[in-house]
Amino acid sequence: MEQRVAVLVSAIVGTLIIALFAVVARSAHTPGTTEDIAASGARWRRMTLWGLVVLFVPTVAFSLTKLPYGGRETAPAAVVVQATGHQWAWELSPSTVPAGQPVEIRVTGADVNHGFGVYDTNDRLVTQTQAMPGFTNVIRYTFGTPGTYRILCLEYCGLGHHTMTSQLTVTASSGRAAQ
Ligand SMILES: [Cu+2]
């Protein structure tokens, strides 16, 4: 979803830059007096300033809403999962979530630092964060496809690190469509 927004924004910005180059290239051949050139210079500086304002204000505003820590929450999550990393097991509550609805996963560590990694049915890492003692990292994720997702530890946390695997069951949801 956010990737699509990023692609769209890049396309719009790219198009604007190309359009600006085209206008500059066309007007570059217009002959004029010194006064004309000075006036046109001032006009271009003004247009560039406004162009930057128009481009940057929405970009900065959009970025602020996406900051991971302390950023504003957009939509309330349908399900909240508490995930705690222990040497050497994951505690997930609940361990079943619906597909197609935003899920909030609150990740922490009980003893040492762990890495919370969620893998889909094709063993592709779909989302991850640190599991740290005394701190909760929040992941918001919408599972598109039902199935059994694997949870693996992404940070070496001792002798049993490789045994730290768990499962998150994603069930088909009749509610909102998958994103
Ligand atoms: Cu580990």
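Points to keep in mind about this one:
- Any hit, region 163-170, residues being open to solvent by 60 Å² or more (accessible area, probe 1.4 Å), over 26 Å from residue 3 (Cα atoms), touching a strand residue (DSSP E or B) at 6+ places or on another chain (Cβ under 6 Å) and within 15 Å of the ligand (Cβ to nearest atom): yes
- Every listed requirement among (1) away from the ligand (no atom under 16 Å from the Cβ); (2) over 30 Å from residue 9 (Cβ atoms); (3) modelled with pLDDT under 95 is met by residue 88 save one, (1).
- Total residues in region 135-160 satisfying the condition of being more than 21 Å from residue 172 (Cβ to Cβ), aliphatic (A, V, I, L, M) and surrounded by 14 or more Cβ atoms within 10 Å (Cβ to Cβ): the figure is 4.
The values are calculated or read from the model by the stated rules, or taken from the named source; none is laboratory data. Bear in mind the structure is a predicted one, so any value in this text is a computation, not a measurement. Please note: Cβ atoms are built from the backbone with ideal geometry, for glycine as well, and neighbour counts cover all protein chains shown. Note: accessible area is taken over every heavy atom of the protein model, side chains too, but ligands, DNA and RNA are not part of it. Shrake-Rupley method; radii C 1.70, N 1.55, O 1.52, S 1.80 Å.
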